[in-house]
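The values are calculated or read from the model by the stated rules, or taken from the named source; none is laboratory data. Note that this is a predicted model, so its numbers are computed, not measured. Methodologically, a virtual Cβ is constructed for each residue, glycine included, from the backbone with ideal geometry; neighbour enumeration extends over all protein chains shown. Calculation scope for accessible area: heavy atoms of the full protein, side chains included, ligands and nucleic acids excluded. Shrake-Rupley method; radii C 1.70, N 1.55, O 1.52, S 1.80 Å.
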Amino acid sequence: MDWTADDVPDQDGRTVVVTGANSGIGLEATRELARNGATVIMACRSTDRGEDAASDIRGDVPDADLRVVECDLASLESIRSFADRLEGESLDVLVNNAGVMAIPRSETDDGFETQFGVNHLGHFALTGLLLENLLAAGDDERESRIVTVSSGMHERGEIDFDDLQGERSYDEWDAYAQSKLANVLFAYELERRFRTADLNAASVAVHPGYANTHLQFRGPEQNGQRFRKAAMWLMNTVVAQSAEKGALPTLYAATAPDVEGGAYYGPGGLLNMRGPPERQASSDRSYDEETARRLWNVSSDLTGVTYDLPRPKPGPEPESGARR
Ligand SMILES: NC(=O)c1ccc[n+]([C@@H]2O[C@H](COP(=O)([O-])OP(=O)(O)OC[C@H]3O[C@@H](n4cnc5c(N)ncnc54)[C@H](OP(=O)(O)O)[C@@H]3O)[C@@H](O)[C@H]2O)c1
């Protein structure tokens, strides 16, 4: 498959929420979705940065149908008020894209370690609170989709249930890898619950490979590491693909008709860091259903968000969904 942004099908009449839509991959995905006629709700923690990004897109796509709505994934209150503002609206796609990488330990408004809190728990809560909106769009004709953006770094991740928030020991890369493994475990568990409930909805995980965005600079900026920042700049310039290319797996998962629930998509070129999207296998740990269920329960306890979906029956093989 040599899928490009030109292959995005007509999105007229579809409404998509993209978290972290003001920068990098979220911005480029939003641009292409809008170019193809989708209404995009840009869920941004700063509405000023969101409006600047919307103006940038309108420079390219003058009739882009964009709405910037505040959503800070480091605050359950903000996530709840975002969901309240969308009450009664049906949503075709939710793209769980926003993220932070390898930052020094800090905590969200609710006391969660920030990488786990923003990358995973925030999206867990958001998806649960928007579930009714998403299921309202899915019917016999239309499938609603949840696309969760992980990273190749999930392969290094382990879920440390004894120290989920890095209170006893914290390594900024391990915390990132854990949060990105949590993204994949969540995407697969959600798909299993959709299948158990026999809903016309699909949950998929993607990764962008290595894309030149602001992600790589946040850690060194917060740490005051000028050398690491310069090294990241060099790597981003020489090795990374563009943010536009990095957005392709997300766009594919959000729009292509042949996407399968429970799949993992990423760039198929050099070291899976660049190239057109393809279906890939994620790490062995990401297919562990017991870990996924345990993480789901912990996430629900921590956020106070429950999903009105039946639990899949534990068994050696999933009925469908999370497959290699
Ligand atoms: N770039 C890569 O090579 C790469 C590789 C693997 C995975 N990824 C994944 O791709 C996704 C997008 O990252 P990117 O590369 O596009 O990075 P980026 O340019 O830094 O964009 C990250 C986005 O997340 C938003 N964000 C951060 N904290 C937030 C919070 N508390 N609430 C709401 N939004 C928040 C940022 O908003 P502000 O602008 O307001 O900070 C920004 O819009 C992430 O999930 C990342 O893990 C990227």
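Using a probe of 1.4 angstrom and keeping all protein chains present, the accessible surface of the stretch 200-294 works out to 45 square angstrom per residue. Taken along its three principal axes, the alpha carbon spread of the chain comes to 53, 51, 39 Å, from the longest extent down to the shortest.
Between GLU107 and ARG294, the contour length at 0.36 nm per residue exceeds the Cα-Cα span by 65.1 nm. Looking at the stretch 40-138, the GluC sites (Glu not before Pro) that sit in a DSSP loop and have at most 11 other Cβ atoms within 10 Å of their own Cβ are GLU87. For the stretch 156-198, applying the loop criterion from DSSP together with a ceiling of 10 other beta carbons within 10 Å to the chymotrypsin sites (Phe, Trp or Tyr not before Pro) yields PHE161.
Taking 0.36 nm per residue of separation and subtracting the Cα-Cα distance, full extension of the segment from SER81 to SER46 would add 11.2 nm. Under a model in which nothing but the beta-carbon of Lys, Arg (+1) and Asp, Glu (-1) is charged, the chain shows a dipole of about 820 debye around its Cα centre. In the chain, the portion of solvent-accessible area held by carbon and sulfur atoms comes to 44 percent [1.4 Å probe, whole percent, DNA, RNA and ligands not counted].
Of SER300, SER90, SER179, which has the most accessible area and how do the rest follow, probe 1.4 Å?
SER90, SER300, SER179
Averaged over its residues, the stretch 122-182 has an accessible area of 41 Å² per residue, based on protein heavy atoms and a 1.4 Å probe. Could you tell me the calculated FRET efficiency between ALA136 and SER242, based on Cβ-Cβ distance and R0 = 35 angstrom, to the nearest 0.05? Plugging the Cβ-Cβ distance into 1/(1 + (r/R0)^6) gives 0.50.
Return the loop-located GluC sites (Glu not before Pro) in the stretch 139-248 (DSSP other than H, G, I, E, B) with at most 13 other Cβ atoms within 10 Å of their own Cβ; answer none if there are none. Passing sites in the stretch 139-248 are GLU141, GLU158, GLU167.
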